[in-house]
Structures are given as structure tokens and as C-alpha cells.
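Visitor: My structure is below; once you've seen it, I'll send some questions.
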Amino acid sequence: MEYSQITILLFLSLLAIANAGYYSRILSLNNIGCETHTCGVNARCTLSEGRPVCSCMNLHMGDPLSHCARVECLINGDCIESRVCTNNRCVNPCDGLCGVNALCEVRNHVPVCYCPTGYKGDPFTSCRIADPQAACKPSPCGDNTRCEVVNEVPVCSCLPGYRGSPLTGCHHECESDSECSNHLACSSNFGCENPCKCGENAECHVINHQAKCSCPNNWLGNPFVACRPECTTHSECPGNKPACLNQKCVNPCDGVCGVNADCNLRDITPVCSCPKHMTGNPFVSCRLFEARDLCEPNPCGSNAICTPGHDNTGRERPVCTCPTGYIGNALISCQRGECLTDSECPDNKACIGYSCQNPCTGKECGPSAICAARRHIAVCTCPDGTRGDALYNCDPIESRIAYNRSRAYRYRYY
């Protein structure tokens with residue numbers, strides 16, 4: 001490259017830096033492309049027929065060779081559907097567009113002006129209140145009717161107390177009771193109404209258009225004036241019917257206890273019991289005592305047997321005993337014994353009172369005899385040096401010398 005060409009390139013480079021203020025723009029005289037070219041801030045470089053082209057990026061405006069500034073929008077499509085692009089900003093197109101009292105709605109970036117419900121007129125100029133009853137002026141309905149506008153359509157109906165065809169005319173609901181249902185009567189206002197006009201708390205039943213007033217069951221008073229209950233507290237009841245139940249004075253014992261049973265009140269609570277000389281279920285039936293009743297329920301201890309008997313005075317009483325094979329206090333508890341037979345005990349013990357015990361109690365043998373338990377019985381023997389009946393007494397054996405024909409010898413008695 002010649003010296004003059006280098007000088008021109010340097011000059012152009014300095015000039016570009018001075019104009020752009022941020023990026024430099026370098027053009028090669030021999031090889032022009034995006035690699036050797038720098039566009040402005042927020043600009044991009046593309047090739048067209050081999051030559052570089054600088055342009056601002058999307059949503060940016062300005063000089064692509066020096067600086068592109070970002071904007072809010074370029075077209076309506078850059079904004080949401082309820083906004084339009086004006087002077088590169090997304091704004092509400094409805095602002096100041098429609099007339100007085102008119103409403104504005106943006107549909108796909110297009111503002112639409114309209115009058116609200118109940119108003120009419122030019123929405124771009126002014127909307128005014130419409131007459132909601134205009135469809136009923138004049139009324140298309142018949143006599144004794146009412147005209148109402150529903151969805152801009154007149155609707156006819158009979159006035160209260162009248163019936164018939166509202167288009168041709170309505171008449172009174174009734175002229176006599178026969179024109180009403182059986183539970184209603186024709187009033188002075190020519191309407192079918194409930195004829196009940198009873199007193200406070202009274203009950204009313206309508207039969208053939210006529211009202212019948214009465215006080216509720218167990219209540220007192222004049223049904224055309226007021227009804228009141230027989231009682232509200234127990235204190236309002238007499239002695240023979242001392243309880244106030246369901247606002248009525250009653251005797252709580254009535255029909256509560258069984259046959260032959262006694263009923264006594266604790267406050268107002270009935271207590272059923274059999275008389276002293278009788279037994280049974282006081283809520284079902286009471287009967288005279290029998291001997292078997294002494295043991296029902298069993299008054300003895302656990303596992304004990306109860307048998308009707310008599311005491312020392314001959315009075316009937318229950319007798320408690322432990323069953324065979326059981327020991328203990330029959331009034332408290334009976335427990336199964338240790339044994340029933342001697343075979344269930346060791347050889348040196350016997351089954352005595354359902355318990356394995358030593359058969360030698362000190363009473364079986366004589367005073368000086370020896371008692372030993374064998375084969376479950378007491379065996380009595382005399383100790384060495386004694387003789388006799390071990391059941392009664394054992395005596396010491398005495399030694400003496402007998403002489404026979406001048407020949408002496410010692411012998412023992414056995």
C-alpha cells in the first residue's frame with residue numbers, strides 16, 4: 001500500500017471517531033465487509049450483495065452509523081391489545097375519544113365507543129339516559145294490570161288481589177269463599193287469604209274456609225285470646241301430681257313400676273322397690289319370698305355353695321359351705337384344696353382337709369411311743385428299751401436273775 005493511501009485511511013478513521021462519539025467506522029478500500037466495519041450503538045451490520053449495511057435493531061431509532069435509541073413501539077403490534085403505538089409510545093386510544101357518558105373498549109388496538117345500558121345517543125358525541133318504561137307508554141295491558149319493561153319488552157301482570165288475563169283485563173281474585181281453596185277464605189279485599197286470627201299460642205285449623213281455634217293439648221286458656229301451659233315449673237303442680245313434665249302436672253310414679261311393687265319419689269324421680277316381705281324385679285313384678293330366694297343372689301363368698309337353712313332360733317337363713325375339694329371361709333372365698341385323696345400327696349403325708357399334711361399330729365400314738373408317717377398313715381412304735389402297746393403306752397424292760405437248781409442264768413422278758 002502506498003504512503004498516500006495509508007494517509008487517507010488514517011484521516012477517515014479520525015473523522016469517523018469524531019462524528020460517532022462511541023464506535024469507529026473503518027472501511028477497507030480493498031476488502032469491504034462486516035468484519036472490517038463497525039456500525040453505531042444498538043445497530044447491526046448485514047451484507048447486501050457483498051457490501052455491509054448498517055441498520056438500527058428492533059424497537060430502536062436513530063443513525064445506525066452512530067447511535068440508535070430504544071423506543072417503546074414502532075407499530076401497534078409492539079403494544080398490548082388495549083394500547084396503540086403513537087409517537088413510538090403505547091398509549092390508550094380511548095383517552096378523549098368518546099362523547100359524554102359514553103364507554104370505550106379497545107379491541108385488537110381499535111377503540112370502540114358505545115353507550116352503556118340504559119343510555120342512548122351518539123357515543124362519539126353524547127349518551128343520554130333512556131326512559132326504561134318507554135315500551136309501556138302507552139300500556140298495552142288490560143284493566144287492573146301492571147306493565148313492566150324487561151329487556152326492552154313490555155310484560156303485563158295482574159295487580160295484587162286480581163286475576164285473569166293481563167292482556168285483556170284482570171278482575172278480583174275472589175268474590176266469595178267458594179272461589180278460594182278450602183284452606184283459604186275470601187277477605188274484604190277480595191283476596192283469598194288465611195282466615196286464622198286466633199289468640200297467642202293457639203292452634204288454628206281451617207276447614208271449608210272456616211278457621212277453628214283451639215289451645216294445644218294440655219294447655220289452658222281462651223284460644224281466641226291466649227293459651228298458656230298447665231305448668232312451667234314443679235312448684236305450680238299439686239301434691240298428687242308434683243312433677244311438671246311437658247308443661248303438664250303428672251305423678252312420675254304412674255305406670256312406672258311392676259306388679260305389686262312400691263313407688264316412692266325422690267324429689268320428682270320415681271324409685272321402684274319390692275315390699276319387705278316380697279322379692280323380684282320391681283320394674284316387672286314382685287312376689288312373696290320363698291326358701292330358694294335366700295340364695296338368690298348368692299350371698300356367700302366366691303366358689304361357695306348356698307343352701308337354704310335355719311339358724312339356732314329356727315329362723316330361715318342361707319347356709320354357706322365350700323364344695324367338695326375346696327377349703328376356705330365360705331362367707332368370703334373358697335379355694336380348691338391341695339388334694340382330694342392321699343395318692344395326690346407325698347408318701348409321708350396324708351390328704352387331710354384337702355391339704356397334704358403330716359398324719360402324725362401327736363394324738364395318734366401313746367405318750368412315749370414314736371409316730372412315723374409312712375404310706376400316708378401314722379405308724380406307732382415303741383422306742384428301743386421299751387415294750388407295750390404303742391397306741392397306749394410303752395414301758396421300760398426290767399432285767400432280773402433267775403436261779404434254777406443252783407445254776408444261775410440271766411434272762412429277759414420279751
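The values are calculated or read from the model by the stated rules, or taken from the named source; none is laboratory data. All values reported here derive from a predicted model rather than from experimental measurement. Neighbour counts run over all protein chains shown; Cβ positions are idealised from the backbone, glycine included.
Visitor: Check whether at least one residue in the range 308-316 is more than 30 Å from GLU398 (Cβ to Cβ), touching a residue at least 24 places away in the same chain (Cβ under 8 Å), in contact with a Gly (Cβ under 9 Å, 6 or more places away or on another chain) and assigned by TED's automatic domain parsing to the domain that holds PRO396, and report yes or no.
Guide: no
Visitor: Could you grab the pairs with beta carbons closer than 8 Å, sequence gap of 6+ or different chains, first residue in the range 261-290 and part of a strand (DSSP E or B), second one of a type in the set (Phe, Trp, Tyr)?
Guide: Taking only residues 6 or more apart or on different chains, the pairs are CYS272/PHE283; MET278/PHE289; THR279/PHE289.
Visitor: Further question: If only one of ASN101, ASN88, ASN92, ASN76 is surrounded by 14 or more Cβ atoms within 10 Å (Cβ to Cβ) and either of a type in the set (D, E, K, R) or touching a Leu at 6+ places or on another chain (Cβ under 9 Å) (or both), which one is it?
Guide: Answer to the check: ASN88.
Visitor: Could I ask something else about it? Return a yes/no flag: does the range 216-229 have any residue that is touching a residue at least 12 places away in the same chain (Cβ under 8 Å), out of contact with any Ser or Thr (no Cβ under 9 Å at 6 or more places or on another chain) and of a type in the set (Lys, Arg).
Guide: Yes, the conditions are met somewhere in the range 216-229.
Visitor: Same structure again: Please list, ordered by residue number, the strands (runs of 3 or more DSSP E) wholly in the range 2-74 having 3 or more residues that are modelled with pLDDT of 85 or more and over 30 Å from VAL91 (Cα atoms).
Guide: By residue number, 43-48, 51-56.
Residue by residue, here is whether (1) closer than 30 Å to ILE332 by Cβ; (2) out of contact with any Asp or Glu (no Cβ under 7 Å at 6 or more places or on another chain) holds:
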{"site": "ALA243", "(1), (2)": "no, yes"}
{"site": "ALA261", "(1), (2)": "no, yes"}
{"site": "THR269", "(1), (2)": "no, yes"}
{"site": "SER273", "(1), (2)": "yes, no"}
{"site": "GLU290", "(1), (2)": "yes, yes"}
{"site": "THR307", "(1), (2)": "yes, yes"}
{"site": "ASP311", "(1), (2)": "yes, yes"}
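Visitor: Quick check on this structure: which one of LEU220, LEU294 is at pLDDT below 90 and assigned to a strand (DSSP E or B)?
Guide: Every option except LEU220 fails the conditions.
Visitor: Here is a list: GLY325, GLY366, GLY362, GLY353. Which entry is closer than 30 Å to ASP395 by Cβ, of a type outside the set (Phe, Trp, Tyr) and in contact with a Gly (Cβ under 8 Å, 6 or more places away or on another chain)?
Guide: Unique residue meeting the criteria: GLY366.
Visitor: Tell me which residues, restricted to the range 189-201, are in a loop (DSSP other than H, G, I, E, B), under 51 Å from the mean Cα position of the chain (by Cα) and surrounded by fewer than 17 Cβ atoms within 10 Å (Cβ to Cβ).
Guide: Passing the criteria: ASN194, CYS196, LYS197, GLY199, ASN201.
Visitor: A further question follows. When you go through (1) polar (S, T, N, Q); (2) at pLDDT below 90; (3) surrounded by 10 or more Cβ atoms within 10 Å (Cβ to Cβ) one by one for GLN357, which number turns out not to apply?
Guide: (2)
Visitor: Kindly provide the set of residues from the range 344-393 that are of a type in the set (S, T, N, Q) and more than 30 Å from THR321 (Cα to Cα), ordered by number.
Guide: SER368, THR381, THR386, ASN393
Visitor: Which number in (1) of a type in the set (A, V, I, L, M, F, W, C); (2) assigned to a loop (DSSP other than H, G, I, E, B); (3) at pLDDT below 90; (4) within 30 Å of ALA330 (Cβ to Cβ) marks the one condition that CYS300 misses?
Guide: Checking CYS300 against (1) of a type in the set (A, V, I, L, M, F, W, C); (2) assigned to a loop (DSSP other than H, G, I, E, B); (3) at pLDDT below 90; (4) within 30 Å of ALA330 (Cβ to Cβ), the one that fails is (3).
Visitor: Moving on. Among CYS274, CYS306, which is under 30 Å from SER355 (Cβ atoms), more than 40 Å from the chain's Cα centre (by Cα) and surrounded by 17 or more Cβ atoms within 10 Å (Cβ to Cβ)?
Guide: Result of the check over CYS274, CYS306: CYS306.
Visitor: Assess whether ASN151 counts as being at positive phi and at pLDDT below 85.
Guide: yes
Visitor: Which condition from (1) modelled with pLDDT of 90 or more; (2) surrounded by fewer than 14 Cβ atoms within 10 Å (Cβ to Cβ) is the one that VAL206 breaks?
Guide: Of everything listed in (1) modelled with pLDDT of 90 or more; (2) surrounded by fewer than 14 Cβ atoms within 10 Å (Cβ to Cβ), VAL206 misses just condition (2).
Visitor: Looking only at the range 343-362, which residues are farther than 14 Å from CYS380 by Cα, of a type in the set (Gly, Ala, Ser) and not in a strand (DSSP E or B)?
Guide: SER343, GLY353 - these are the residues of the range 343-362 that are farther than 14 Å from CYS380 by Cα, of a type in the set (Gly, Ala, Ser) and not in a strand (DSSP E or B).
Visitor: May I ask you to verify whether LEU167 is modelled with pLDDT of 85 or more, farther than 30 Å from CYS104 by Cβ, surrounded by fewer than 16 Cβ atoms within 10 Å (Cβ to Cβ) and not small (Gly, Ala, Ser)?
Guide: yes
Visitor: With more than 58 Å from the chain's Cα centre (by Cα), under 24 Å from VAL149 (Cα atoms) and not aromatic (Phe, Trp, Tyr) as the only criterion, which of ASP122, ASP95, ASP131 stands out?
Guide: ASP122
Visitor: Taking only the range 373-397 into account, find how many residues are surrounded by fewer than 15 Cβ atoms within 10 Å (Cβ to Cβ), free of Cβ contacts under 8 Å to residues at least 24 places away in the same chain and under 25 Å from THR341 (Cβ atoms).
Guide: Number of matching residues: 0.
Visitor: Considering each residue of the range 129-148, count those that are of a type in the set (Val, Ile, Thr) and surrounded by 14 or more Cβ atoms within 10 Å (Cβ to Cβ), and give that number. First the steps, then the outcome.
Guide: Applying the first criterion (of a type in the set (Val, Ile, Thr)) to the range 129-148 yields 129, 145.
When the remaining residues are screened for being surrounded by 14 or more Cβ atoms within 10 Å (Cβ to Cβ), the result is 145.
Adding up the residues that qualify gives 1.
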